[in-house]
Amino acid sequence: MHIDPLEKKWIQISLGMVSLFMGIIMIDALFHGVNAPSNVETIDSRKIHLSEEFAEENLGVQVAENGDITVRMVAGRYAFFPKHITLPAETRVTFRWVSMDVLHGVHMPMTNMSTMIVPGYVSQIESSFPRPGEYPMLCNEYCGLGHDHMWSKALVIEKEEWQATRAKQAAVLNTTATADEESNNE
Ligand code: CUA
């Protein structure tokens with residue numbers, strides 16, 4: 001079979017490009033944690049506020065007894081709730097996102113935190129922030145007239161500072177609880 005040398009050259013170039021792109025995808029997936037969200041978990045969008053997990057008081061940053069950090073966020077026209085969260089740097093964080101109305105997306109620039117938020121499904125992404133700073137959460141799926149203004153903020157602070165703040169908050173909660181108890185006993 002005769003293949004024209006020029007044709008051969010282009011076959012090689014296109015195969016080279018395909019290998020390059022495959023390589024980039026593999027490096028991103030294996031070393032940078034950039035993956036398509038794959039946990040197919042459903043939720044009734046109309047009853048999010050009634051669900052145990054995404055009820056208002058459970059939104060935001062939660063720390064499990066074993067120290068795992070989970071952030072639960074609700075996307076709705078036109079914000080991500082809660083509007084502000086504070087996270088520790090250099091720590092693995094699991095984000096769980098749901099939409100209360102239409103299709104949204106969320107993207108935190110310079111991180112792997114980027115996913116579609118499809119109504120009816122929970123999108124879960126694991127991420128960590130190497131550097132403290134202010135990270136915007138931006139909607140990247142057109143969702144209506146306010147789409148351009150749909151964003152919230154995550155403040156990432158040093159791990160130690162974050163732990164100290166949590167401990168202080170817990171202490172304040174404890175004293176208020178005890179004070180309440182004492183006033184009840186009087
Ligand atoms: Cu939400 Cu665009």
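The values are calculated or read from the model by the stated rules, or taken from the named source; none is laboratory data. None of the values given here were measured: they were computed from a predicted structure. Note that we place each Cβ from the backbone using ideal geometry, even for glycine, and neighbour counts take in every protein chain shown. Please note that ligands, DNA and RNA were not included when accessible areas were found on the heavy atoms of the full protein model with its side chains. Shrake-Rupley method; radii C 1.70, N 1.55, O 1.52, S 1.80 Å.
So here's what we get for this one:
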read-out	value
Solvent-accessible heavy-atom area per residue, rounded to whole Å², over the stretch 17-69 at 1.4 Å	79 Å²
Accessible carbon and sulfur surface of the stretch 61-186 relative to its total accessible area, %, 1.4 Å	53 percent
Relative frequency of Cα-Cα separations exceeding 22 Å in the stretch 6-102, percent	52 percent
Zone residues, the stretch 103-140, relative to Ser51, backbone N less than 17 Å from point 7 Å out along Cα-to-Cβ	103-106, 115-126
The stretch 41-169, Rg to Rh (Cα coordinates; Rh as Kirkwood inverse mean 1/r)	0.96
Under 19 Å from Lys168, Cα to Cα: lysines that are on another chain or at least 8 residues apart	Lys159
Simple Cβ-charge dipole of the chain, Lys/Arg +1 and Asp/Glu -1, about Cα centre, in debye nearest 20	780 debye
Cβ-Cβ FRET estimate between Trp10 and Met110, R0 fixed at 41 Å, reported to 0.05	0.70
Model label zone, Ile27; criterion: amide N under 18 Å from point 7 Å along Cα-to-beta-carbon; scope the stretch 110-127	110-112
Residue-averaged 222 nm ellipticity for the chain, from DSSP H runs of 4+ at -39500 (n - 2.57), nearest 500	-10500 deg cm²/dmol
Between helix 5-31 and the chain: long-axis angle, C-alpha atoms, 0 to 90°, nearest 10	10 degrees
Share antiparallel - DSSP beta bridges, the chain, percent rounded to 5	65 percent
